[in-house]
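Starting off with a structure, shown below.
The values are calculated or read from the model by the stated rules, or taken from the named source; none is laboratory data. This is a predicted model, so every value here is computed, not measured. With ideal geometry, Cβ positions are generated from the backbone for all residues, glycine too; neighbour counts draw on all protein chains shown.
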Amino acid sequence: MNIIRLLLIVLILISGALLAAKQTWKLLADDGLHDPQSPAIELLQEPSEALILLPPDTTGNMVSWVDALRDKYIEPRSNLFSVTKVKILDMDIILENTGEMSLVRFPHLSHTEWLDCDNCHDSIFKEKVGANPINMFAILNGEYCGRCHGAVAFPLTECLRCHSVARRTFTGKPGVQPK
Ligand code: HEC
Ligand code: HEC
Ligand code: HEC
């Protein structure tokens, strides 16, 4: 009995260590972006040093930026000019043209905590449910959600973070969701 318990603890510790080990970053000199010969490489802060302090994620640059912002690990300046009105909108939209995949929940809240309405409306998305012929091919080509996801926001390989609402459990109506 005790041995089984011990084994369990060891297993949990090992898997914890493996998970933690996944959160690693390339050195600036090896990232293919910085010139390894440049003297500045010695002066710049390594991403690992800065990012290890932030809430972890399992993909992208290994930081959950949504949590980092909400839990006040970071407090980025929201506007440069005092006249700019910061608008936060708590409105979820369910998109239903997902074939066999689960439905997509688009949360305005977590987006408007980072972005202005103008960043999306009307250049990337017309401000009307169903007015945009969004599809996965276009997204993978860097349009619609793919303008940011896979570039600066979590990557497109994380299917279920967008396709998060199972069809059989969803009883509501697609489009704007009641709060
Ligand atoms: C990251 C991109 C993004 C940002 C930023 C964004 N939206 Fe949207 N918005 C969407 C998407 C996607 C839809 C759904 C489009 C569709 O169904 O084709 C939508 C739909 C809407 C709709 C239509 C609802 C309806 O009843 O048809 C309104 C209104 C709207 N947004 C307002 C706003 C406002 C106000 C802001 C800023 C506070 C904002 N949005 C910021 C992506 C965004
Ligand atoms: C950034 C969000 C996002 C991610 C990540 C994502 N999808 Fe989608 N997907 C969408 C949206 C939005 C639609 C269109 C929904 C609509 O217009 O009603 C869509 C549509 C689809 C469709 C419907 C058919 C088509 O071609 O449009 C399929 C199938 C699909 N996605 C599969 C996937 C798979 C598989 C993955 C992971 C490899 C994935 N998606 C990742 C947002 C995403
Ligand atoms: C203009 C840039 C932009 C566009 C366009 C965009 N997103 Fe995002 N999205 C972000 C950023 C930034 C975040 C927060 C950082 C992250 O999670 O990587 C985010 C986060 C998310 C999250 C996680 C929310 C949470 O609370 O954890 C989901 C889900 C999501 N996006 C879905 C979508 C879908 C679906 C579309 C297309 C209909 C889309 N996004 C279009 C920038 C964008």
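Under 6 Å by Cβ, and 6 or more places apart or on different chains, what pairs join a residue from the range 91-102 that is closer than 14 Å to G172 by Cβ with one that is basic (K, R)?
D92/R105; I94/R105
Can you name every residue in the range 110-134 that is aliphatic (A, V, I, L, M) and within 16 Å of the chain's Cα centre (by Cα)?
L115
Assuming N141 fulfils every condition listed in (1) in contact with a Lys or Arg (Cβ under 9 Å, 6 or more places away or on another chain); (2) over 17 Å from H108 (Cα atoms); (3) polar (S, T, N, Q) apart from one, which condition is it?
For N141, the failing item is (1).
Here's something else I'd like to know. Please specify each residue of the range 100-123 satisfying the condition of being farther than 19 Å from W65 by Cβ and of a type outside the set (G, A, S).
Listed by number, the residues that qualify are E100, M101, L103, V104, C117, D118, H121, D122.
Taking the range 140-179 as the search range and keeping residues that are polar (S, T, N, Q) and touching a strand residue (DSSP E or B) at 6+ places or on another chain (Cβ under 7 Å), which one is nearest to ligand 2 (Cβ to nearest atom)?
S164
Now, a different point. Just checking, how many residues over the range 1-43 are at pLDDT 90 or above, of a type in the set (G, A, S) and under 27 Å from the mean Cα position of the chain (by Cα)?
2
List every residue pair whose Cβ atoms sit under 6 Å apart, with the two residues 6 or more apart in sequence or on different chains, where the first one lies in the range 166-179 and is more than 21 Å from E127 (Cβ to Cβ) and the second, anywhere, is of a type in the set (S, T, Y) and within 16 Å of ligand 3 (Cβ to nearest atom).
A166/S102
Pairs please, first residue from the range 119-145 and outside the structural domain of N97 (by TED's automatic domain parsing), second anywhere and modelled with pLDDT under 95 and of a type in the set (S, T, N, Q), Cβ atoms under 9 Å, 6+ apart in sequence or on different chains.
Matching pairs, first to second residue: none at all.
While we're looking at this one, here's another question. For residues that are outside any loop (DSSP other than H, G, I, E, B) and of a type in the set (A, V, I, L, M), tally how many sit in the range 110-136.
1
Search the range 137-157 for residues being more than 10 Å from ligand 1 (Cβ to nearest atom) and assigned to a helix (DSSP H, G or I), and hand back the single one that is surrounded by the fewest Cβ atoms within 10 Å (Cβ to Cβ). Before you say what the answer is, go through the steps one by one.
Initial filter on the range 137-157 (more than 10 Å from ligand 1 (Cβ to nearest atom)): 137-143, 146, 150-152, 154-157.
Adding the requirement that they be assigned to a helix (DSSP H, G or I) leaves 137-140, 146.
Working: F137: 8, A138: 14, I139: 17, L140: 12, G146: 19.
Per the stated criteria, the residue is F137.
Restricting to the range 113-136, name every residue that is surrounded by 12 or more Cβ atoms within 10 Å (Cβ to Cβ) and closer than 19 Å to E96 by Cβ.
Of the residues in the range 113-136, the ones surrounded by 12 or more Cβ atoms within 10 Å (Cβ to Cβ) are 113-117, 119-122, 124-126, 129-130, 132, 134-136.
F125, K126, V129, G130, N132, I134, N135, M136, listed by residue number.
Suppose we filter D67, D57, D30, D71 for residues that are closer than 30 Å to T171 by Cα and either surrounded by fewer than 16 Cβ atoms within 10 Å (Cβ to Cβ) or not aromatic (F, W, Y) (or both); which single one remains?
Just a single option satisfies the conditions, and that option is D67.
What number of residues within the range 33-52 are loosely packed, with under 11 Cβ neighbours inside 10 Å and either touching a helix residue (DSSP H, G or I) at 6+ places or on another chain (Cβ under 6 Å) or in a loop (DSSP other than H, G, I, E, B) (or both)?
5
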